[in-house]
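The values are calculated or read from the model by the stated rules, or taken from the named source; none is laboratory data. Predicted, not measured: the structure shown is a model, and the values here were computed from it. Ideal geometry is used to build each Cβ from the backbone, glycine not excepted, and the neighbour counts take in all protein chains shown. Side chains included, ligands, DNA and RNA excluded: accessible areas come from the protein's heavy atoms. Shrake-Rupley method; radii C 1.70, N 1.55, O 1.52, S 1.80 Å.
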Amino acid sequence: MAAPSRFKNGVTNVGIAANLNQYGRPDPSIWHTYFNDFDAFTSGVTTEWTETVIGTGTALTTGANDGGWLVLLNSAADNDGYQLQKLPNSFLLTAGKRAIFKAKFKISDATQSDLLVGLCVADTTLLGATGGDGVTDGIFFQKDDGSAVLTAYCQKNTTTGQTSVATTTLVTDTFVTVGWYYDGVSAVEIYLNDAKVAALDGTSTYLPDVILTPSMALLNGEAVAKSLSVDFLFAAIER
């Protein structure tokens, strides 16, 4: 096995005249970054997450799983649901500033359920009837009840400024990694399992213009409890 490269004096991504020019690591202040591997999660901490529950579902980590998962588990009535949005809202997409999102998750029923994962505006009902219409502003992945197709959306002001593309067909109880990259100019690239699969219009017509936050949501599509297991969630934006 090849040995790793060893940079004993450190590495840097700043200019020689910058404040951190002698810091032996990349400047962490260039990007605003959020990452959660869900090794721990405490429900009911209202300063960390906004939790919206329909029924009596739960959100908890399951330490017996490799890497740590956050599991949203609904109660068993049709349209029971669980939604989480990180506090505070702190991601504003702006022309000229690149942004990235990535998440890994699986669903217990790829057809009889609704799910959403992405960056969205704060809202207590992210999952609408169909087609991303529960979110006014955001870039996110959504699956509607009755279909296993996962669709990527980029939208401002709901469907009046919406662009979308189908990315994959989900398989029950099978992890998938999704992501998007905003180039800071005009395109939102869509990724599936670390490979680019599509691009959406990221011009001002569609780019969200309000502060967004990491979000996830799950609804039952029948009177059977469903679960959404999230392995990790990552979001970053240039300052």
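Figures for the structure shown
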read-out: Mean accessible surface per residue for the chain, computed with a 1.4 Å probe while every protein chain stays in place, in Å²; value: 47 Å²
read-out: Most mobile of Leu228, Leu200, Leu60 in a GNM of the chain (Cα contacts under 10 Å); value: Leu60
read-out: Overall form of the stretch 112-217 per C-alpha gyration tensor (a/c, 1.5; a/b vs b/c); value: oblate
read-out: Cα gyration tensor category, rounded, prolate or oblate, for the stretch 156-226 with a/c compared to 1.5; value: oblate
read-out: Potential extension, Met1-Arg25 segment - 0.36 nm per residue separation minus Cα distance; value: 6.1 nm
read-out: Residue among Val14, Val210, Val45 with the largest mean-square fluctuation in a Gaussian network model of the chain, springs linking Cα atoms under 10 Å; value: Val14
read-out: Length-normalised contact order for the stretch 139-199 - Cα pairs under 8 Å, 6+ apart - percent; value: 22 percent
read-out: Mean separation of Cα contacts under 8 Å (6+ apart) over length of the stretch 163-239, as relative contact order %; value: 19 percent
read-out: The chain - percent relative contact order, Cα under 8 Å, separation 6 or more; value: 28 percent
read-out: Loop-located chymotrypsin sites (Phe, Trp or Tyr not before Pro) in the stretch 1-47 whose Cβ has at most 12 other Cβ within 10 Å (DSSP); value: Phe7
read-out: Nearest-0.05 FRET efficiency for Lys8 and Val171, computed from C-beta distance (R0 30 Å); value: 0.05
read-out: Whole-percent carbon and sulfur share, accessible surface of the chain, 1.4 Å; value: 53 percent
